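J.: The following block contains the structure, expressed as structure tokens.
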Amino acid sequence: MATHRDETIGEVPVELDLTLEELDPAGAICEAHENLYRDSRATFLRRATVGGAALLGALSVVPASGAQSANDVDILNYALTLEYLQSSFYTEAERIRALRGNAREAAEVVGAVERAHVQALRKALGSAAVSRPTFNFGGVTEDQRRFLKTAVAFEDLAVGAYKAQAPRLQSKPILAVAISIHSVEARHAAWMRRLFGIVPAAEAFDDPVSRPEATRIVASTGFITSSGKTEREAKPRFTG
Amino acid sequence: MPTLDSRHSRSDLLQRAIVAGGALTAGGLVVAGLPKLASSAPSPAQDVRVLNLALLLEYVESAFYAEARAKGALRGELRVFAEVVGGHEQQHLAFLKKTLGSKARTKPKMQFGKATSDPDAFVEGALALEDTGVAAYNGQATNLTAGALAAAARIVSVEARHAAWIRSIVGKTPAADATDPSLTEAQVLTALRKTGFLRS
């Protein structure tokens, strides 16, 4: 499969692979199906609560202040930082109202899910939770195309980051939730990639992204303008 | 609240922990998709059992897409989907067969009927297979050794991408929930039988 690496977010490669346009030049995007199966936007938005929250609640069964291992607390705080990044990005995009149509709908649905992830991780970590860094997305939320490209980069990164950490978790209940968040991030990645016009699933196997690599990538975007701190320590956690 | 200590059996604690987790947030929410954890700790022998379940799924998925491509009845993005996804499933199949070696289960007998030629039936089959695939891998995560989990995690996210893709093509929400459900082995087998693709 031909791979183009001509687009980046900071240093984050957005692998364009084959574009859907190349694969489907006639643009036959099965409109008949869309009409047949369409879930209306109103249906999404009527769902006041995000589904899957019950499983997320399992994260906080063993509070950080108690029996969670330092290892797991550290991993959950890392996940929390990535979720802060994503949720702030979608929330800002929603507030700015620059998105239209399917992209706007996707930002609303995905944003609500990322906020639910933040809430669950914060609850699980209790006083050990790192606080939300401050972000400056540099205008990428103000333009549909740049928004989608950034969303693709963030979601693909989140998939790789959760994938690298899952086998390192010691608590089985936490692993059960983390692996389930991981596949939701992959759904988001596929959704955003399709909206951006690139193949939702480029490879047969998704690669893990190590923490130093993810940290370097996020730092390269310049989106984080000040790091969060835990209540326990003044030192920023998201230092790689 | 339960803590992970040595006075209780590990699996008992985990099961209770999960149930309690559901109860904590159950008010007004549908309690669904709580993981059913196995009663035995991860081991190489259990990895074989779990990976053979994955192999069964990949056999069905790869044969489904291969037949759809051979029949050539799909058009537009559905055709692209069948080609790209079918290629992935073949690679998953090859990986699992190689990993399991002589312990790999045999290929099941399958029949897809019009699901590989009629676009609507194809969509229905693809939705069922991909969403079941995600839930099956997720449901086994805690049963795997770390090495096997690392390998399975590289596959499950691709299945989730496939599921989101086909859902998106037909206008279904690709990811409405904060977590994906998980299925036990028995539930996976039931879901597979429900497709009618397995010939008994």
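J.: Pairs A:K172/B:K97; B:K71/B:K97; B:K114/B:K172; A:K163/B:K172; B:K107/B:K194; A:K163/B:K103: which are spaced more than 24 Å apart, C-alpha to C-alpha?
T.: A:K172/B:K97; B:K71/B:K97; A:K163/B:K172; A:K163/B:K103, as the Cα separations exceed 24 Å there.
J.: Then there is this: Based on alpha-carbon centroids, what's the gap between the range A:66-102 and the range A:120-169 in Å, whole number please?
T.: Each part's Cα centre sits 4 Å from the other's.
J.: Determine, at each q value in 0.13, 0.18 (inverse angstroms), the log₁₀ of I(q)/I(0) that the Debye formula gives when each Cα of the range B:41-195 is one equal point scatterer.
T.: -0.56, -1.08
J.: With the dipole of the range A:88-178 worked out from charges on the C-beta (+1 for Lys and Arg, -1 for Asp and Glu) around the Cα centre, which of A:S127, A:A158, A:T91 lies farthest toward the positive end?
T.: With unit charges placed on the Cβ atoms, the residue in question is A:S127.
Coordinate-derived values only; no laboratory data. All figures in this text were calculated on a predicted structure; none of them were measured in a lab. Cβ sites come from the backbone with ideal geometry, for glycine too, and all protein chains shown count toward neighbours.
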